[in-house]
Every structure is written in C-alpha cells, then in structure tokens.
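Quick notes on the structure that follows.
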Amino acid sequence: MRSHFSILSLSTAVTATFVHPGALHTTEDFERIRTHVANADEPWNSTWTLLTSSSYAQSSYTPTPKETVYRGYNGVDSENYPSLYRDTAAAYQLAIRWLVTKDTSYADAAVNILSSWAASLTDIEGTSDKFLASGLYGYQMANAAELMRDYSGWASDNKTLTGTMLTNVFASMNTRFLEEHNGQDYYHYYANWDLCNLASLLAIGIFTDNQTMFDYAVNYVRTGPSNGALPVFAIANYTESGSGKILTQGQEAGRDQGHATLDMVLWGVVAQQAYNQGIDLFAEYENEILNS
C-alpha cells in the first residue's frame, strides 16, 4: 500500500539543489585520489594498481545488456543477473579510472555500458530475490551514472534515458519493496533487503535531481517502520569495558558473518550518500551507525 509516496512522484519531483558528483564520491575525493596516485603514495598506489589491472576497468570492456533481468529461479526463466552486476561493476570502475586519469577512452566505455542498459532493460523478475537485484545493482549503477554525469561525451538523450530507466525500473521496485515488502509484514525480511533498496533510492534521487525520492529514503531511514531503519535496526547496546564506548548489536548479528557485515557496508553507502548532500545520518540516534 503506497499511502504516502506514489510512483508518479518519483519522476515528477525535480530540484536543482544537489551537489554533483555527490553520491558515494565528491569532487574533493577525486582531487585527493589524483594527488596520491601522482605521488605513488601507499597504500593508495597499490590499490590503484589493483583497479587498473581489473578486467572490468579496461576501455575494451563490452557490455551484455538484457531486456529482462532474472534473479532467483522462478521455475521457468534462467537467471541472468550476473550480466547486470558485472556490467555495473565495469561502468563504476571505468568511471573512476576516467576521473583519475582524464583519459576519455574510459569515459566512453563507461557511458556505453550505461546507455546500452538504458536502451534495453525494461524489467527485473525472478523470485523475491529480484528486490535484492533492484537495490544492490540500482545503487551501484546510479553511482556510476553520477560519476559520469558531467562528461561532455555522454549524449544528453542517452543520459536522460539512463535516468528514466533507473527511475522506472529500479526506483519503482525499491519503493514497492519498502512499501509492500513483497506481501509480507514489515519485519519479515532482514535489514539488508531494506538497506540496499534505500541506498538505491538515494543514489537515483541524487543522479536525477529528485528531491522527493531522496527525502523519502532519508525519512524512511529515520522513522522506519521496518528492519532497515535506525529505530528498528539496533536490537541491543553494550558499553565496552575500559573505553566506555557504546557498541550496537544490529538486527542481523548472530545470523552469519556475511549478512551481518553486509549491513555495515550498506549502512556506509546509505549514510555517505546522504552525508555528501549535507545530511549526517552517521550522527543520528546517538551515532548508531558508527557504533554498530
């Protein structure tokens, strides 16, 4: 039930007040990175070498876009979602390589990936796992697009088409999950399901200058009602002996290490994207994210 937020508002509420680039990275971040790379400082130089040797960060990378992406076997359609996450990873890595080196061959490869998917993708299907795809790959693709936003070589119609695809395919699913939770109650799904879809809405809202989308995600983080919201995520607080530091136990702690640490990664993405737009979610609820 979408009582307080309509899909229509996703595409109609536009503002011009966002910082760009301003999702996971800012202009100042890349100025700092370029200085460290130029000076061969460590550990930045070793990390840069790992990036430049990645198969996903090569200007020769060729995308394999799909019309419909399937994640979770539905008994009929084969899962093909690796094409999406691989191409999204490539777009992101190529965008970073361009911003550090200013070599437009990487920029052209990045926007080719984004534009190819924008021209092809119309739906994400499968089992309930499709909502993991909408969140995880949505925020990653939107971050790649945000980094390429001001590249003069990206045709304006293709950039617009990318924003439309991110809104109509990813953001609509992000919102549907947060509002309806796939027909389950608000607490049926673990926190990471909410968090990845919130990360996606924030990133897409920034790229498309959609204040309503961005504000919706921020307010959801603050007020809930489900497991991926600050009032619900913390299930216990402990005081560390000696330091007096508060340590927060998150909703997926004790489930398994992979999912518990995934929550921390996603909280970092959510909060950093908001922080780069002037909203300090790290500090809210007495530093809950930082304490976790």
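The values are calculated or read from the model by the stated rules, or taken from the named source; none is laboratory data. Quantities reported herein were computed from a predicted structural model and do not represent experimental measurements. Quick reminder, even Gly has a Cβ in these numbers, built from the backbone with ideal geometry, and neighbours come from all protein chains shown. Each accessible area value is taken on the protein alone, full model and side chains, heavy atoms only, with ligands, DNA and RNA left out. Shrake-Rupley method; radii C 1.70, N 1.55, O 1.52, S 1.80 Å.
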Condition first: part of a helix (DSSP H, G or I) and either under 20 Å from GLY138 (Cα atoms) or of a type in the set (S, T, N, Q) (or both). Can you find one or more residues in the stretch 57-72 that meet it? yes
Of the criteria (1) open to solvent by less than 40 Å² (accessible area, probe 1.4 Å); (2) closer than 29 Å to GLN277 by Cβ, which one THR68 fails: (2)
If PHE282 meets every condition in (1) aromatic (Phe, Trp, Tyr); (2) open to solvent by 10 Å² or more (accessible area, probe 1.4 Å); (3) touching a residue at least 60 places away in the same chain (Cβ under 8 Å) apart from one, which number is that one? (3)
Looking at ALA119, ALA133, which one is open to solvent by 20 Å² or more (accessible area, probe 1.4 Å) and assigned to a helix (DSSP H, G or I)? ALA119
Would you kindly identify the helices (runs of 4 or more DSSP H) lying entirely within the stretch 197-292 that contain at least 2 residues that are under 17 Å from the mean Cα position of the chain (by Cα) and farther than 25 Å from VAL169 by Cα? 257-275
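Would you point out the residue of the stretch 158-197, among those that are of a type in the set (Asp, Glu) and touching a residue at least 24 places away in the same chain (Cβ under 8 Å), that is surrounded by the most Cβ atoms within 10 Å (Cβ to Cβ)? Can you show your working first?
Within the stretch 158-197, the first condition is being of a type in the set (Asp, Glu), and the residues that meet it are 179-180, 185, 194.
Next, from what is left, pick out any that are touching a residue at least 24 places away in the same chain (Cβ under 8 Å): 179-180, 194.
On the way: GLU179: 17, GLU180: 13, ASP194: 30.
Looking at the filtered set, the residue picked out is ASP194.
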Condition test on ARG2, is it at pLDDT below 55, surrounded by 11 or more Cβ atoms within 10 Å (Cβ to Cβ) and either under 29 Å from TRP98 (Cα atoms) or in contact with a helix residue (DSSP H, G or I) (Cβ under 8 Å, 6 or more places away or on another chain) (or both)? yes
Would you confirm whether or not the stretch 268-282 contains a residue that is at pLDDT 95 or above and touching a Ser or Thr at 6+ places or on another chain (Cβ under 7 Å)? yes
